[in-house]
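Structure, as C-alpha coordinates:
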Amino acid sequence: MNNTNHDSRKTVEDCRVDMVQLVQPEDANPLGVAFGGKVVQWMDIAAAIAATRHARRPVVTASIDHLSFLAPINIGDFVNIRAAVNYVGRTSMEVGVSIESENPITGVKNRTTRGYLTFVALDDQGKPMPIPPVIPETEQEKERYEEAKRRRELKLQWRQEELI
Ligand SMILES: CC(C)(COP(=O)(O)OP(=O)(O)OC[C@H]1O[C@@H](n2cnc3c(N)ncnc32)[C@H](O)[C@@H]1OP(=O)(O)O)[C@@H](O)C(=O)NCCC(=O)NCCS
(Lines give C-alpha, C1' and ligand atoms only; values in the text may rest on other atoms or scores of the structure.)
Protein backbone atom coordinates (compact mmCIF):
# COMPACT_ATOMS: atom_id res chain seq x y z
CA MET A 1 0.00 0.00 0.00
CA ASN A 2 1.30 3.45 -0.91
CA ASN A 3 0.22 6.02 1.67
CA THR A 4 1.07 9.39 0.15
CA ASN A 5 -1.57 12.07 -0.47
CA HIS A 6 -0.71 12.00 -4.14
CA ASP A 7 -1.69 8.41 -4.89
CA SER A 8 -3.81 8.34 -7.98
CA ARG A 9 -4.84 4.69 -7.59
CA LYS A 10 -6.29 3.20 -4.43
CA THR A 11 -8.08 -0.08 -4.18
CA VAL A 12 -11.01 -0.79 -1.88
CA GLU A 13 -8.83 -3.30 -0.06
CA ASP A 14 -6.12 -0.66 0.63
CA CYS A 15 -8.51 1.26 2.89
CA ARG A 16 -10.85 -1.38 4.31
CA VAL A 17 -11.47 -1.22 8.07
CA ASP A 18 -12.24 -4.13 10.41
CA MET A 19 -12.98 -3.15 13.99
CA VAL A 20 -14.25 -5.11 16.99
CA GLN A 21 -16.15 -3.69 19.95
CA LEU A 22 -17.56 -5.35 23.06
CA VAL A 23 -21.07 -4.32 24.12
CA GLN A 24 -20.72 -3.13 27.72
CA PRO A 25 -23.68 -2.52 30.05
CA GLU A 26 -23.28 1.27 29.59
CA ASP A 27 -23.78 0.81 25.80
CA ALA A 28 -27.24 -0.70 26.31
CA ASN A 29 -30.74 0.76 26.27
CA PRO A 30 -33.47 -0.13 28.82
CA LEU A 31 -34.26 -3.27 26.78
CA GLY A 32 -30.78 -4.59 27.54
CA VAL A 33 -29.50 -4.47 23.98
CA ALA A 34 -27.03 -2.09 22.31
CA PHE A 35 -28.33 1.49 22.08
CA GLY A 36 -28.80 2.54 18.44
CA GLY A 37 -26.85 5.77 18.93
CA LYS A 38 -23.84 3.84 20.18
CA VAL A 39 -23.95 1.57 17.13
CA VAL A 40 -24.09 4.66 14.89
CA GLN A 41 -21.06 6.08 16.72
CA TRP A 42 -19.07 2.90 16.04
CA MET A 43 -20.20 2.99 12.41
CA ASP A 44 -19.20 6.61 11.96
CA ILE A 45 -15.75 5.97 13.43
CA ALA A 46 -15.06 2.88 11.28
CA ALA A 47 -16.33 4.69 8.17
CA ALA A 48 -14.28 7.82 8.94
CA ILE A 49 -11.13 5.69 9.27
CA ALA A 50 -11.79 4.04 5.88
CA ALA A 51 -12.44 7.47 4.30
CA THR A 52 -9.29 8.94 5.85
CA ARG A 53 -7.20 5.98 4.70
CA HIS A 54 -8.48 6.62 1.20
CA ALA A 55 -8.06 10.40 1.17
CA ARG A 56 -5.09 10.66 3.56
CA ARG A 57 -6.68 13.99 4.48
CA PRO A 58 -8.98 15.09 7.29
CA VAL A 59 -12.56 14.14 6.44
CA VAL A 60 -15.99 15.15 7.75
CA THR A 61 -19.22 13.22 7.72
CA ALA A 62 -21.46 15.03 5.22
CA SER A 63 -24.42 12.68 5.55
CA ILE A 64 -25.62 9.37 6.85
CA ASP A 65 -27.46 8.27 3.74
CA HIS A 66 -29.00 5.07 4.95
CA LEU A 67 -29.12 3.01 8.11
CA SER A 68 -30.91 -0.29 8.75
CA PHE A 69 -31.06 -1.93 12.15
CA LEU A 70 -31.72 -5.53 11.17
CA ALA A 71 -31.40 -7.24 14.55
CA PRO A 72 -30.57 -6.29 18.16
CA ILE A 73 -27.10 -6.83 19.70
CA ASN A 74 -26.91 -8.23 23.23
CA ILE A 75 -24.75 -6.99 26.09
CA GLY A 76 -21.55 -9.07 26.13
CA ASP A 77 -21.58 -9.72 22.39
CA PHE A 78 -18.61 -8.87 20.20
CA VAL A 79 -19.50 -6.38 17.47
CA ASN A 80 -17.61 -6.87 14.21
CA ILE A 81 -17.65 -3.67 12.16
CA ARG A 82 -16.47 -3.61 8.57
CA ALA A 83 -16.20 -0.43 6.51
CA ALA A 84 -15.08 0.13 2.92
CA VAL A 85 -15.05 2.96 0.41
CA ASN A 86 -17.67 2.05 -2.19
CA TYR A 87 -17.39 5.02 -4.51
CA VAL A 88 -15.53 8.31 -4.87
CA GLY A 89 -16.94 11.44 -6.51
CA ARG A 90 -14.72 14.51 -6.74
CA THR A 91 -14.20 15.47 -3.10
CA SER A 92 -16.70 13.11 -1.48
CA MET A 93 -16.87 9.37 -1.04
CA GLU A 94 -19.49 6.85 -0.01
CA VAL A 95 -18.45 4.38 2.68
CA GLY A 96 -20.49 1.24 3.28
CA VAL A 97 -20.56 -0.23 6.78
CA SER A 98 -21.74 -3.68 7.77
CA ILE A 99 -22.01 -4.88 11.36
CA GLU A 100 -22.46 -8.37 12.75
CA SER A 101 -22.85 -9.50 16.35
CA GLU A 102 -20.82 -12.46 17.58
CA ASN A 103 -21.77 -14.49 20.62
CA PRO A 104 -18.46 -14.81 22.50
CA ILE A 105 -19.21 -18.34 23.74
CA THR A 106 -21.00 -20.04 20.85
CA GLY A 107 -19.33 -18.02 18.09
CA VAL A 108 -22.70 -17.59 16.36
CA LYS A 109 -22.67 -14.50 14.15
CA ASN A 110 -25.63 -12.45 13.02
CA ARG A 111 -25.77 -9.49 10.65
CA THR A 112 -27.35 -6.66 12.63
CA THR A 113 -26.78 -3.35 10.93
CA ARG A 114 -25.82 -1.84 7.62
CA GLY A 115 -25.45 1.71 6.41
CA TYR A 116 -24.00 4.13 3.90
CA LEU A 117 -22.26 7.35 4.87
CA THR A 118 -20.80 10.16 2.78
CA PHE A 119 -17.52 11.83 3.78
CA VAL A 120 -15.86 14.89 2.29
CA ALA A 121 -12.07 15.40 2.30
CA LEU A 122 -10.84 18.83 3.39
CA ASP A 123 -7.83 20.92 2.38
CA ASP A 124 -5.75 23.01 4.78
CA GLN A 125 -8.38 25.77 4.64
CA GLY A 126 -11.16 23.34 5.58
CA LYS A 127 -12.61 23.39 2.05
CA PRO A 128 -13.59 20.30 0.05
CA MET A 129 -10.54 18.88 -1.72
CA PRO A 130 -10.33 16.51 -4.73
CA ILE A 131 -9.31 12.96 -3.86
CA PRO A 132 -8.13 9.97 -5.91
CA PRO A 133 -10.68 7.59 -7.44
CA VAL A 134 -11.24 4.20 -5.85
CA ILE A 135 -10.44 1.07 -7.85
CA PRO A 136 -12.95 -1.74 -7.27
CA GLU A 137 -11.29 -5.11 -8.00
CA THR A 138 -13.63 -7.96 -7.08
CA GLU A 139 -17.04 -8.56 -8.63
CA GLN A 140 -18.69 -7.60 -5.34
CA GLU A 141 -16.68 -4.36 -5.12
CA LYS A 142 -17.63 -3.53 -8.71
CA GLU A 143 -21.31 -4.13 -7.93
CA ARG A 144 -21.10 -1.93 -4.83
CA TYR A 145 -19.33 0.76 -6.86
CA GLU A 146 -22.15 0.85 -9.43
CA GLU A 147 -24.83 0.81 -6.70
CA ALA A 148 -23.14 3.67 -4.85
CA LYS A 149 -22.82 5.65 -8.06
CA ARG A 150 -26.55 5.25 -8.64
CA ARG A 151 -27.30 6.32 -5.04
CA ARG A 152 -25.15 9.42 -5.54
CA GLU A 153 -27.05 10.33 -8.73
CA LEU A 154 -30.39 9.91 -6.94
CA LYS A 155 -29.20 11.90 -3.95
CA LEU A 156 -27.98 14.78 -6.12
CA GLN A 157 -31.37 14.78 -7.84
CA TRP A 158 -33.22 14.77 -4.50
CA ARG A 159 -31.02 17.60 -3.22
CA GLN A 160 -31.71 19.63 -6.34
CA GLU A 161 -35.44 19.08 -5.82
CA GLU A 162 -35.01 19.92 -2.10
CA LEU A 163 -36.46 16.56 -1.10
CA ILE A 164 -33.53 15.98 1.30
C1 LIG B 1 -19.68 18.56 4.05
C2 LIG B 1 -19.21 19.98 3.72
C3 LIG B 1 -17.68 20.05 3.84
C4 LIG B 1 -19.59 20.26 2.26
O5 LIG B 1 -19.18 21.58 2.00
P6 LIG B 1 -19.82 22.41 0.78
O7 LIG B 1 -19.16 23.73 0.74
O8 LIG B 1 -21.29 22.30 0.83
O9 LIG B 1 -19.24 21.59 -0.41
P10 LIG B 1 -19.68 21.48 -1.91
O11 LIG B 1 -21.06 21.98 -2.19
O12 LIG B 1 -18.55 22.06 -2.70
O13 LIG B 1 -19.67 19.90 -2.10
C14 LIG B 1 -18.49 19.17 -1.90
C15 LIG B 1 -18.83 17.70 -1.97
O16 LIG B 1 -19.62 17.36 -0.84
C17 LIG B 1 -20.82 16.72 -1.25
N18 LIG B 1 -21.84 17.11 -0.31
C19 LIG B 1 -22.13 18.34 0.12
N20 LIG B 1 -23.14 18.31 0.98
C21 LIG B 1 -23.51 17.01 1.09
C22 LIG B 1 -24.52 16.32 1.82
N23 LIG B 1 -25.36 16.93 2.62
N24 LIG B 1 -24.60 14.99 1.67
C25 LIG B 1 -23.75 14.32 0.87
N26 LIG B 1 -22.79 14.92 0.15
C27 LIG B 1 -22.68 16.24 0.26
C28 LIG B 1 -21.07 17.26 -2.66
O29 LIG B 1 -21.90 16.38 -3.39
C30 LIG B 1 -19.67 17.33 -3.20
O31 LIG B 1 -19.25 16.03 -3.60
P32 LIG B 1 -18.25 15.82 -4.87
O33 LIG B 1 -17.12 16.80 -4.74
O34 LIG B 1 -17.78 14.42 -4.75
O35 LIG B 1 -19.06 16.05 -6.11
C36 LIG B 1 -19.87 21.04 4.66
O37 LIG B 1 -21.26 21.04 4.43
C38 LIG B 1 -19.59 20.78 6.11
O39 LIG B 1 -18.52 21.11 6.61
N40 LIG B 1 -20.55 20.19 6.83
C41 LIG B 1 -20.40 19.89 8.26
C42 LIG B 1 -19.68 18.55 8.44
C43 LIG B 1 -19.66 18.13 9.87
O44 LIG B 1 -19.51 18.95 10.76
N45 LIG B 1 -19.84 16.81 10.10
C46 LIG B 1 -20.00 16.27 11.42
C47 LIG B 1 -18.72 16.10 12.15
S48 LIG B 1 -17.46 15.25 11.26
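The values are calculated or read from the model by the stated rules, or taken from the named source; none is laboratory data. Remember, it's a predicted structure, so these values are computed and weren't measured experimentally. Don't worry about glycine lacking a Cβ; one is built from the backbone with ideal geometry, like all the others, and counts go over all protein chains shown.
When Asp44 is tested against (1) surrounded by fewer than 19 Cβ atoms within 10 Å (Cβ to Cβ); (2) closer than 28 Å to Gln125 by Cα; (3) touching a Phe, Trp or Tyr at 6+ places or on another chain (Cβ under 7 Å), exactly one condition is not met: (3).
Determine which member of the set Ser63, Ser68, Ser101 is more than 19 Å from Arg151 (Cβ to Cβ), small (Gly, Ala, Ser), at pLDDT 95 or above and assigned to a strand (DSSP E or B). Just one listed residue meets the conditions, Ser101. Evaluate the following for Phe119: is it within 9 Å of the ligand (Cβ to nearest atom) and not aliphatic (A, V, I, L, M)? So Phe119 fits the description; yes. When each of Val23, Val60, Val17 is tested for being over 20 Å from Glu102 (Cα atoms) and of a type outside the set (Lys, Arg), the lone residue that passes is Val60.
Could you check, for segment 45-60, whether at least one of its residues is farther than 16 Å from Gly115 by Cα, in contact with a strand residue (DSSP E or B) (Cβ under 6 Å, 6 or more places away or on another chain) and hydroxyl-bearing (Ser, Thr, Tyr)? Within segment 45-60, one or more residues are farther than 16 Å from Gly115 by Cα, in contact with a strand residue (DSSP E or B) (Cβ under 6 Å, 6 or more places away or on another chain) and hydroxyl-bearing (Ser, Thr, Tyr).
Comparison of Arg57, Arg90, Arg151, Arg144 shows that the only residue that is at pLDDT 95 or above, more than 16 Å from the ligand (Cβ to nearest atom) and surrounded by 12 or more Cβ atoms within 10 Å (Cβ to Cβ) is Arg144. Against the condition under 26 Å from Gln21 (Cβ atoms), part of a loop (DSSP other than H, G, I, E, B) and either within 16 Å of the ligand (Cβ to nearest atom) or among the polar types (S, T, N, Q) (or both), how does Thr112 come out, does it pass? So Thr112 does not fit the description; no.
Gly126 falls short on exactly one of the conditions (1) within 12 Å of the ligand (Cβ to nearest atom); (2) more than 12 Å from the chain's Cα centre (by Cα); (3) of a type outside the set (Ser, Thr, Tyr); (4) part of a strand (DSSP E or B), and that condition is (4). Could you list, in sequence order, all residues of segment 11-37 that are free of Cβ contacts under 8 Å to residues at least 12 places away in the same chain and assigned to a helix (DSSP H, G or I)? Correct list: Glu26, Gly37. For segment 101-158, the set of residues classified as among the charged types (D, E, K, R) and touching a Ser or Thr at 6+ places or on another chain (Cβ under 6 Å) consists of Arg114, Glu137, listed by residue number.
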